[in-house]
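S.K.: I'd like to ask some things about the structure below.
No value in this document is a laboratory result; all are computed from the given coordinates. Everything numeric here is computed off the predicted structure, so don't read it as measured data. Here the Cβ is made from the backbone with ideal geometry for all residues, glycine too, and neighbour counts use every protein chain on show.
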Amino acid sequence: MEEREYEVMASVEDRHFWFVGTRGMVRDAVLAARLPRDAEVLDLGCGTGGTMKALAGLGRFTGLDTNETAARLAERRTGNRVVLGSGTSLPFGDASFDAVLALDVFEHIEDDLAAVREARRVLRPGGALVATVPCHPFLWSAHDRALHHVRRYTRPGFLAVLREGGFRVERATWTNAILFPAVAAVRLAGRAVPRHGEGAPRSDAQVRLGPLNGLLSAVFQAERRLVRRLDLPFGVSLLVVARPSR
């Protein structure tokens with residue numbers, strides 16, 4: 001990501017509707033995965049630590065990130081161990097974790113298949129991978145450039161990478177479904193209107209929402225209740241729970 005995005009993330013992720021809402025759905029997915037008591041959990045690409053804070057109490061967390069600024073912020077904000085390292089060469093032994101969280105991570109990695117295989121390697125038998133990825137290449141925008149995304153996935157494409165990497169997909173649901181039409185309209189409008197002299201691209205986290213954040217938070221909470229019961233038929237992102245193949 002652009003270096004300044006880490007500071008932005010740390011300042012907003014505990015209250016921004018997207019971070020809070022997505023992590024709520026992830027929390028539900030982790031609970032449904034029925035991890036062992038005191039599970040060892042790897043937060044792969046932990047960023048500035050928001051996920052480990054939001055999921056506190058669900059296991060013993062270790063964070064990993066490639067960026068020193070992010071790792072330092074995550075360790076300070078959570079008190080958890082945070083390691084500098086690459087997703088394609090994890091500095092952990094085989095079968096070290098009961099769960100691996102990869103939340104908006106694989107789209108940053110050129111060799112995503114290698115990263116998926118590494119997640120498989122460090123998982124214990126019966127462990128769970130919980131992953132989210134942004135989807136729909138036609139939604140590519142300045143947001144993706146600011147976060148140094150390599151790609152936006154298609155659903156079949158991401159599930160194929162997981163299967164090739166040694167996983168059996170247990171659940172796959174779209175998220176950010178209710179807001180999908182608005183997101184698509186904004187993305188497409190942004191691509192249609194040329195912009196000049198704006199400097200480095202900026203992520204959506206830098207948009208000041210004000211009172212709108214509360215309304216959007218309510219939308220995400222309604223969606224979270226739906227995702228607890230069923231797999232949504234469309235959305236901006238994909239939430240997947242997968243287990244190592246035998």
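S.K.: Only bridges whose two residues both fall in the chain count here: according to DSSP, what percent of them are antiparallel, nearest 5?
M.R.: If I count the DSSP bridges inside the chain, around 45 percent turn out antiparallel.
S.K.: In what sequence, highest mean first, do 34-41, 151-158 appear when ranked by Cβ atoms within 10 angstrom?
M.R.: 151-158, 34-41
S.K.: How much length is gained if the chain between SER86 and GLU170 is pulled fully straight, taking 0.36 nm per residue apart and subtracting their Cα-Cα distance, in nm to one decimal?
M.R.: 27.6 nm
S.K.: Also, quick follow-up: Hey, in the GNM for the chain with a 10 angstrom Cα cutoff, which one of GLU13, GLU223, GLU68 fluctuates hardest?
M.R.: GLU68
S.K.: Something else now. Quick check: from the Cα gyration tensor, does the stretch 1-143 come out rounded (a/c under 1.5), prolate or oblate?
M.R.: rounded
S.K.: Let me ask another. Between ARG76 and ARG229, 0.36 nm times their residue separation minus their Cα-Cα distance comes to what?
M.R.: 51.5 nm
S.K.: With both bridge residues required to lie in the stretch 47-136, what share of the DSSP beta bridges run antiparallel, to the nearest 5%?
M.R.: 10
S.K.: Could you give the radius of gyration (one decimal) and Dmax (whole number) of the Cα atoms in the stretch 3-244, in Å?
M.R.: 17.1, 54
S.K.: Still on this structure, please answer the following. Say the dipole of the chain comes from +1 at the beta carbon of Lys and Arg and -1 at that of Asp and Glu; which of LEU35, ALA74, ALA146 then lies farthest toward its positive end?
M.R.: Going by the Cα projections, it comes out as LEU35.
S.K.: When ranked by the protection proxy of mean other Cβ atoms within 10 Å per residue, highest first, what sequence do the peptides 134-146, 48-60 form?
M.R.: Top of the packing list down: 48-60, 134-146.
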